[in-house]
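J.: Encoded as C-alpha cells, here's the structure I'll be asking about.
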Amino acid sequence: PRVCVVGSGPAGFYTAQHILKHHGGALVDIYEKLPVPFGLVRFGVAPDHPEVKNVINTFTQTAHLDRCAYYGNVTVGRDVTVPELQQAYHAVVLSYGAEDNRVLGIPGESLPGVYSARAFVGWYNGLPENQDLKPDLSCETALILGHGNVALDIARILLSPLQLLRKTDITDSSLAALACSKVKRVWLVGRRGPLQVAFTIKELREMINLPGTRAVLDPADFTGLESAVKDAPRPRKRLTELMIKTALEKPVEMQAAAAGAAAPREWGLKFQRSPQEVLPSADGRRARGIRMALTRLEGSGDSAKAIPTGDVEELECGLVLSSIGYRSLPLDPAVPFDSQRGVIPNSSGRVEGVPGLYCSGWVKRGPTGVIITTMNDSFDTAQSVLEDLQGGVLDISPSREGFGLVKSILHSRGVRPVSFSDWEKIDAAEVARGKAAGKPREKIVDPAEMLRIIGH
C-alpha cells in the first residue's frame, strides 16, 4: 500500500512512524509546503525550550527509513490537489495543522501595535511568512490576551535577559529587535479565573523564576481558592497552589523596592476581563490601550462561562498580542470542512463520507494539546488506516504510482520538490552559521535562500 501524509509537523511524522512500524510493506510519502520539515516543532516551540525539540531526532529516523520519502516545497491544494493525491495513493492522511489564528472580533483589532500570538511566535522562530512583521516594541507595557502556554512563552521572550536568548536558536533579526525593546511590563489577561488558566506548572515556574523580573499577582484574586482546589486533579491543584504562594509571598525584591531598587521588569496575571475594544492613540495611528469588560463566572471548573457584569476598565498598553488560539483552514474543495469548529469532520481520523481519506493532529481535533497529545492522536488515526488496510476497506489491488504520478503533475506545473537530504544540507548550513554566533543554529528565514543553498 502507498500512503501519503500531508504536513510534516508532529502529526504527520507520528502518523507515518506508526504506519511504517506496524505494516511491513507500506510506503509512506510526506508532503510539506515549506522546504523545511517539522512544522510547529521548528516554528512553534519556544527557542529557550530546546529539550522539547528533541522529537526531531525521532522524526529524522523515520524520514531515513527506506519506505519513507519527504517532499518539501509542495503546496497541496495548489501544486497538486487532494483528488490527484487520491489517484496516486491508496490512502491520504491530512495532517497539515492550523495555519491561521482565531480573531478577537472587536473594534481596533487591526490597529498597528496589535498582533496575533501566532504571527509573533512565527516572527521570533523564523517562520518565513512572518519575517516582515517588525513588531513595534517601543512601549513600556505589553498586554497578552490569553492564559495558555503560548501566552507565557511570549511574555518570557519579551522579558528574558538577552544573554539567555543569545544562546538559543531565536532568529538574528528578532534578537536585534528585542535588544532595542522598551517593554518592561507584561500583563496576561484572561476572561475567566485562576482555576481556568490553560498554562502548565512548568511554564508558570519558569516565568516566576525569570531573572531580573518579578511577578505581580493580586492576593485578592486567589481568596478562598485553597479550599476550592482541594479535590481538583493534582496538576490543577499544584498549579493553583503555586499561583497562591506567588501572590502571597513578599519577595526579596519587595524589601529591596522599599529601599528604592525594584526589579527592572515585571509581569502579572489579570483575570475575569474580556476585551471589548483596542483604543487608538489621539492621531488614530496605533494602539494605546484596551477597554475590557469585567466578567463574573457562571458554573465552575473547566466549563465555567465568563459573563460580562456591565463594568468596564481601561488599561494603557502600546503592544497587544492576541493569544486566543490557532485555527485550521480548508485545504481543498474536495475535502469536507467544518468551518464552525475549524476541523475536518471525522471519526477516529476517518474523514466523513470520503473513504481512503484520513486526518490527524490539530486539523482533526482542534488546536489543543502538546506534542504528546498529538502523538497519541496520530497513532489513533494511523491505527484506523491499518485496520482499513487489514479489513479490506481500502482496496490495494490496483497498483498506485504514488510519487511517480505526482512527480509528473508537479513537473508540468513547474514545481520542484525538496528531498530530505536537501533539507539536511539546509540544516548543516544553519548549524554552521549558528556555531559562528555561539548558537545551536541560525535559522534561514527566506525560502528562496533555502533553495539557493541546495542549488534549486
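The values are calculated or read from the model by the stated rules, or taken from the named source; none is laboratory data. Because the structure is a prediction, the values reported are computed rather than measured. Virtual Cβ from ideal backbone geometry, glycine too; neighbours counted across all protein chains shown. Accessible surface is based on the protein model in full, side chains and every heavy atom, while ligands, DNA and RNA are left aside. Shrake-Rupley method; radii C 1.70, N 1.55, O 1.52, S 1.80 Å.
J.: What is the distance in Å between the Cα centroid of region 356-423 and that of region 280-308?
T.: So the two Cα centres are separated by 41 Å.
J.: Whole number in Å², please: accessible area per residue of the chain, 1.4 Å probe, ligands, DNA and RNA not counted. Please report the intermediate quantities before stating the final value.
T.: On the way: 20200 Å² over 456 residues.
The answer is 44 Å² per residue.
J.: Divide by every residue of the chain the summed helix terms, -39500 (n - 2.57) for each DSSP H run of at least 4, and state the resulting mean residue ellipticity at 222 nm, rounded to the nearest 500 deg cm²/dmol.
T.: -10000 deg cm²/dmol
J.: While we're looking at this one, here's another question. Using a 1.4 Å probe on the protein heavy atoms, what percent of the accessible area of the chain belongs to carbon and sulfur?
T.: Here carbon and sulfur together make up 52 percent of the probe-accessible area.
J.: Something else about it: To one decimal place, what orientation-averaged projected area in nm² is obtained for the convex hull of the Cα set of region 12-158? Please list the in-between numbers first.
T.: Working: hull surface 44.4 nm².
Approximately 11.1 nm², given one-decimal rounding.
J.: Taking the Cα centre of the chain as origin, work out the dipole magnitude from +1 charges on Lys and Arg Cβ and -1 charges on Asp and Glu Cβ, in debye rounded to 20.
T.: The dipole magnitude comes to about 720 debye.
J.: Would you mind listing how long the chain runs along its three principal axes, going by Cα atoms, in whole Å with the largest first?
T.: Ordered largest first, the chain gives principal extents of 77, 52, 42 Å.
J.: Let me ask something additional. Could you list the residues of region 346-373 with an amide nitrogen less than 18 Å from a label point located 7 Å from the Cα of ASP395 in the Cα-to-C-beta direction?
T.: The answer is 353-357.
J.: Using a 1.4 Å probe, how large is the accessible area of LYS245, given in Å² and rounded to the nearest 10?
T.: Probe radius 1.4 Å; accessible area of LYS245 about 120 Å².
J.: For HIS49, HIS64, HIS411, give the ranking by accessible area with the largest first, probe 1.4 Å.
T.: Listed by decreasing accessible area, they come as HIS411, HIS64, HIS49.
J.: Expressed as an acute angle from 0 to 90° and rounded to the nearest 10, what is the orientation of the C-alpha long axis of helix 10-22 relative to the principal long axis of the chain?
T.: 40
J.: What angle, in degrees between 0 and 90 and rounded to the nearest 10, separates the Cα long axis of helix 149-159 from the longest principal axis of the Cα atoms of the chain?
T.: It works out to around 60 degrees.
J.: Measuring from centroid to centroid over Cα atoms, what is the spacing of region 123-148 and region 20-91 in Å?
T.: 28
J.: Rounded to the nearest 0.05, what FRET efficiency do ALA436 and ASN209 have when you use their Cβ-Cβ distance and R0 = 25 Å?
T.: My answer for the efficiency is 0.20.
J.: Also, I was wondering about something else. Put a dot 7 Å past each Cα toward the Cβ at CYS180 and LYS305; how far apart are the dots in nm?
T.: 4.8
J.: Taking 0.36 nm per intervening residue step and subtracting the Cα-Cα distance, what contour gain separates GLU387 from HIS22 on full extension?
T.: So the extension gain works out to 130.3 nm.
J.: For helix 234-248, what angle does its Cα long axis make with the longest principal axis of the chain, in degrees from 0 to 90 and rounded to 10?
T.: For helix 234-248, the angle is close to 30 degrees.
J.: Report the extension gain between THR200 and SER173 in nm, rounded to one decimal, defined as 0.36 nm multiplied by the number of residues separating them, less their alpha carbon distance.
T.: 6.8 nm
J.: Here's another thing I want to ask about it. What are the lysines whose alpha-carbon lies under 23 Å from the alpha-carbon of LYS167, with same-chain residues fewer than 8 places away excluded?
T.: LYS53, LYS134, LYS182, LYS184, LYS202, LYS425, LYS435, LYS439, LYS443
J.: Let me ask something additional. When all alpha-carbon pairs of region 102-322 are counted, what percent fall beyond 26 Å?
T.: Value for region 102-322 (Cα pairs over 26 Å): 38 percent.
J.: How much length is gained if the chain between LEU242 and SER138 is pulled fully straight, taking 0.36 nm per residue apart and subtracting their Cα-Cα distance, in nm to one decimal?
T.: Stretched fully, the LEU242-SER138 segment lengthens by 34.2 nm.
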